[in-house]
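Down below is the structure, laid out as structure tokens.
We did not get these values from a lab; they are worked out from the coordinates using the rules stated. Quick caveat: nothing in here was measured; it's all calculated off a predicted structure. With ideal geometry, Cβ positions are generated from the backbone for all residues, glycine too; neighbour counts draw on all protein chains shown.
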Amino acid sequence: MPISTGPSGTMRSETGRTRAGAGAPLLDDVRLDFDGSLLGVREVLARVMRSIDILSLDPDEKGSVELVLAEALNNVVEHAYRGAAERPVHLELHHAADGLHVLIRDSGRPMPEERLPLSDLSTPDGEGPDAPEGGFGWFIIRHIARDIAYRRQNAENVLTFRVAVGLDPTLHWPCGHEGEGRQSSRRPIQK
């Protein structure tokens with residue numbers, strides 16, 4: 001297992017090979033454990049972006065992946081861990097025919113009411129983009145990601161979602177939108 005150590009602590013990676021479908025590029029599954037700090041997020045984002053180069057994503061797709069991961073991981077640091085240093089975050093990426101599947105796990109505070117926050121930007125109750133905490137991050141996540149799910153399991157937050165990028169061009173997408181309206185044949189990430 002390759003190990004990379006940066007100023008924010010140890011980043012560990014384990015990989016497994018996967019193929020999304022006929023003609024799809026080969027991508028190693030990515031599993032990273034890193035310190036839940038802003039520096040740790042920056043380091044892991046750089047590593048993830050290098051690891052998905054094999055998918056030959058166009059710049060918009062790469063930007064979407066980076067943006068949604070940055071928003072979700074920074075939420076862990078800022079809200080679940082409230083800036084406490086050296087708290088572990090686990091990130092998994094798996095590429096399938098319907099896109100990039102993501103799992104984020106942390107041992108921080110649960111989400112309020114243990115459910116995903118609403119993302120309506122028009123609410124006048126301090127939850128919109130002008131609120132002190134912004135409220136815009138979850139709007140961005142919901143706009144980019146699909147199949148978003150949150151659960152509290154074994155005193156950990158588990159967030160999963162899919163980003164419809166690097167899709168298998170040989171598949172027919174029945175709803176007119178690539179990656180939409182179809183169930184993935186791969187097993188969901190469960191940890």
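Give the calculated FRET efficiency between residue 50 and residue 152 to the nearest 0.05, with a Förster radius of 25 Å applied to their Cβ-Cβ distance. Kindly include the intermediate steps, with their values, before the conclusion.
Numbers: r = 32 Å, r/R0 = 1.27.
FRET efficiency, residue 50 to residue 152: 0.20.
Taking each pair of distinct Cα atoms in the range 34-110 once, what is the resulting Kirkwood hydrodynamic radius in Å? List each step's numbers first, then the result.
Numbers: mean 1/r = 0.0774 Å⁻¹.
Kirkwood hydrodynamic radius for the range 34-110: 12.9 Å.
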